[in-house]
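Worksheet for the structure shown next.
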Amino acid sequence: MYSCTVTMHPALRYAASPQPDPVSQLVREESERLRRFVLRHVGNGSDADDITQQAFVEMSCCYDQFRGESKPSTWLFGIARNLIRNHLSRSPERRFTFVSDTALTDEADLQSDPASRVELLQLIRILDRSLAAMPSDLGELLVLICVDELSYEEAAIQLGLPVGTVRSRLSRARALIRSRMRAQDAWLDD
């Protein structure tokens, strides 16, 4: 009698398993948020699509190396951040800019008063220039916390910094933005 042993390919184990594939689940849960995150940093929809897709490809290829020291989504966003850095470093003329002049505005407020809209758009332009002139490590941290709404802990993991360093740099970044906005008479009183 002959015996035959069949070994299932690792990729097929998930298909045969009743549990959901963690990679597919992460793609479903984070794809829109990840694309918005990438788009805010690269400013181009086509590039954002490419980088988002590449982040998911790299994550799926390396998922077995995930050590579980952070949430899978934090790890995924770290992969995307590295891809964004690579992308931006290859084109040095590209700096952080908002996707549009209305990225920080509330649509209802803009439609109510044209004068307010012009004033708000000018404020956004000044803020955008202030962010672009800021040292990249401070600007990146400010965007992570204030725009991407990451916690201090998540930002620390993504940047590979202690939480205390994140807090002190964020304080410096906010003070720098505040002083630059005040210098241009664009700071809104607290």
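Points worth noting:
- Pair list, Cβ under 7 Å, 6 or more apart: the stretch 157-184 residue over 29 Å from Gln122 (Cα atoms), other residue of a type in the set (D, E, K, R) and assigned to a helix (DSSP H, G or I): Gln158/Arg81; Val163/Glu153
- The stretch 23-54 - residue that is in a helix (DSSP H, G or I) and of a type in the set (Gly, Ala, Ser) and, of those, surrounded by the fewest Cβ atoms within 10 Å (Cβ to Cβ): Ser46
- Cβ-Cβ distances below 7 Å connect the following pairs, each with a first residue in the stretch 38-65 that is touching a residue at least 60 places away in the same chain (Cβ under 8 Å), a second residue that is exposed (fewer than 15 other Cβ atoms within 10 Å of the Cβ), and a separation of six or more residues or different chains: Leu39/Gly45.
So that you can scan it fast, the table gives a plain yes or no per residue for (1) in contact with a Cys (Cβ under 7 Å, 6 or more places away or on another chain); (2) part of a loop (DSSP other than H, G, I, E, B); (3) crowded, with 16+ Cβ neighbours inside 10 Å; (4) modelled with pLDDT of 75 or more:
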{"site": "Ser70", "(1), (2), (3), (4)": "no, yes, yes, yes"}
{"site": "Arg81", "(1), (2), (3), (4)": "no, no, yes, yes"}
{"site": "His87", "(1), (2), (3), (4)": "no, no, yes, yes"}
{"site": "Glu93", "(1), (2), (3), (4)": "no, yes, no, no"}
{"site": "Leu104", "(1), (2), (3), (4)": "no, yes, no, no"}
{"site": "Ala108", "(1), (2), (3), (4)": "no, no, no, no"}
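- Members of the stretch 153-172 that are modelled with pLDDT of 90 or more and either of a type in the set (Ser, Thr, Tyr) or under 12 Å from the mean Cα position of the chain (by Cα) (or both): Thr165, Ser168, Ser171
- Test: Leu142 is surrounded by 19 or more Cβ atoms within 10 Å (Cβ to Cβ) and not in a helix (DSSP H, G or I): no
The values are calculated or read from the model by the stated rules, or taken from the named source; none is laboratory data. Because the structure is predicted, anything quoted here is derived from the model rather than measured. Don't worry about glycine lacking a Cβ; one is built from the backbone with ideal geometry, like all the others, and counts go over all protein chains shown.
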